[in-house]
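Read through the structure below, which is laid out as structure tokens, and then see the notes.
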Amino acid sequence: MKNPLLVPEFREMLATNDLDEIKEFCNTTPPAVVADFLGAMTPEENREILRNIPPEQRANIYSYYDIDVKMALLDLFRGEDLVALIAGMHDDKRVEFLSELPIGRQKELLTLSRRSLDKEAMQLTGELEQLLKAEVPVEEEMTAEEIAVEIQPLIQVYKLVDGAIRKIDRIEKECWINIVNPSRDDLPHLAQYFNVPFDFITASLDIDETARIEVEGPATLVIVKIPFFDEENPDLMYVTLPIGVVLVGGVLITVCSRDEVILRDIIEGKVKNITTVTGVKFILQIILRSLVLYLQYLKQINNAANMIQKKLEQESKNKQLIKLMNLEKCLVYFTTSLKTNELMLERFQKHSFARMDTELEDLYEDITIETRQALEMANVYSDILSGMMDAFASVISNNLNITIKFLTSMTIIITIPGTIAAFYGMNVKLPLQEHPLGFIFVVAVSLLLAVVAVLLFIKKKWL
């Protein structure tokens, strides 16, 4: 991914030769994030930045560049610098990158790496020799039958039979294919078999993908952001995930990184009025079911916030405040996803493939109303949580001030008898030191002054 957000700032740093700020950014930012920002710059600018940071850090950043950026930089580095750059990459990324290089480039790198005695360069030499010794340099393409056998365990095929969704053994026309969390190695096979663009599947599995519609050739992709309850993450239980719906060749394909409850409810027959598992209506019913789940989770978040509020009223603890902060974070995820869904729905209605009759228009109107309601609820709950946290922060600060004021008052009161005792501890002539009741008089005066101070503080409402 290439993020052009910081390109002007980096170019200004290069123009002013501000290398320290560049180094600080690379030191304090994960290499993958640095690669995203630097990848949007020209190869020459990338080389200039990489040459001014330590070799190990340089190789880590290079590991996360897109392939086109890596290939461009390959032509700009020479000799030992080039060997160190590739040898220092992460092992898995280095092997993957080397296998994508042309044989001529592999031989060139092998010659350079053999000249170095560095341990990492020797490892690079071994990997290149192994690649070049391979008898089959290019993997043969699999036949359609072989791909079908390969993807069979990855897919679940369903069809509407007598008004109920039934699982079937083979792919047919007007069927629904559900794919859950396929491995990265299986993605090319899925894309090739179903004749859909590779990025349609990868986008559906990217947790940061936003809701959108995309058409490429005969395939149409609709990405919907759905709510997900993550039981394995106690800190952030409510998150959002993308689910990709692909229409191609008379079938509907859903792709998601998790086995989520929405499609499971549809399969188990918990969603009523399912008359088709392909086409626009089924997509709208998936969206509507996700909105029902949004509203359900929003109420759960609100109930949890009310319970935490009652506990905070009894006793303020950091643990409860952190829970409120995590709930507020969940609401931010919900609000952002609902907004992107709303924008996607506006485009959905105008799109050529979504031709709607009266029934579909009514369903679309219900979805629009539910989306606005869910978005309004998320905004209201978020504002309430934000105000609640500000209020509790003020209460905690006020309690601290009261405690400090009390302790300060007690310190002043205790100082009065302490000061008198300090004077009478001096080795000089003092009043009443020869009197038989001198000690009692001094103690009585000290206590009297302390009592006067207490009464004065009570009157001033300092105690």
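Nothing in this text is a laboratory measurement; each read-out follows from the coordinates by a stated rule. Only a predicted model underlies this, so the values are computations on that prediction, with no experimental measurement involved. Don't worry about glycine lacking a Cβ; one is built from the backbone with ideal geometry, like all the others, and counts go over all protein chains shown.
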Return the total of residues in segment 167-222 being among the small types (Gly, Ala, Ser) and closer than 23 Å to Val239 by Cα.
4
Of the conditions (1) buried (at least 16 other Cβ atoms within 10 Å of the Cβ); (2) touching a residue at least 12 places away in the same chain (Cβ under 8 Å); (3) in contact with a Phe, Trp or Tyr (Cβ under 9 Å, 6 or more places away or on another chain); (4) assigned to a helix (DSSP H, G or I), Ala59 satisfies every one except a single condition; which number is it?
(3)
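Quick one: in segment 268-291, which of the residues that are part of a loop (DSSP other than H, G, I, E, B) and among the β-branched types (Val, Ile, Thr) is surrounded by the most Cβ atoms within 10 Å (Cβ to Cβ)? Step through it out loud before you land on a result.
Initially, segment 268-291 is screened for residues part of a loop (DSSP other than H, G, I, E, B), giving 268-278.
Now narrow it down to the ones that are among the β-branched types (Val, Ile, Thr): 271, 274-278.
Values: Val271: 17, Ile274: 15, Thr275: 11, Thr276: 13, Val277: 22, Thr278: 19.
Residue satisfying both the conditions and the ranking: Val277.
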Test Ile53 against the stated conditions and say whether it is surrounded by 20 or more Cβ atoms within 10 Å (Cβ to Cβ), out of contact with any Ser or Thr (no Cβ under 6 Å at 6 or more places or on another chain) and aliphatic (A, V, I, L, M).
no
Result of the Cβ filter at 8 Å on segment 276-302, keeping first residues that are without any contact (Cβ under 8 Å) to a residue 60 or more places away in the chain and of a type outside the set (S, T, N, Q) and partners that are surrounded by 20 or more Cβ atoms within 10 Å (Cβ to Cβ) and in a helix (DSSP H, G or I), at least 6 apart or interchain, is Arg289/Ile262; Arg289/Ile266
Matching residues in segment 215-227 - criterion: being assigned to a strand (DSSP E or B), in contact (Cβ under 8 Å) with a residue 24 or more places away in the chain and surrounded by fewer than 23 Cβ atoms within 10 Å (Cβ to Cβ):
Val215, Ala219, Thr220
Checking the structure you have, find out if any residue of segment 364-379 is more than 30 Å from the chain's Cα centre (by Cα), assigned to a helix (DSSP H, G or I) and hydrophobic (A, V, I, L, M, F, W, C).
no
Is at least one residue of segment 435-456 over 30 Å from Gly279 (Cβ atoms), out of contact with any strand residue (DSSP E or B) (no Cβ under 8 Å at 6 or more places or on another chain), touching a residue at least 40 places away in the same chain (Cβ under 8 Å) and not charged (D, E, K, R)?
yes
Within the bounds of segment 380-392, is there any residue that is more than 24 Å from Lys299 (Cβ to Cβ) and part of a helix (DSSP H, G or I)?
no
Counting only residues in segment 81-136 that are loosely packed, with under 13 Cβ neighbours inside 10 Å and within 22 Å of Ala32 (Cα to Cα), the one farthest from the chain's Cα centre (by Cα) is identified as Glu100
For segment 252-266, which positions are buried (at least 17 other Cβ atoms within 10 Å of the Cβ), in contact with a strand residue (DSSP E or B) (Cβ under 6 Å, 6 or more places away or on another chain) and farther than 13 Å from Ile287 by Cβ?
Leu252, Ile253, Val255, Cys256, Glu260
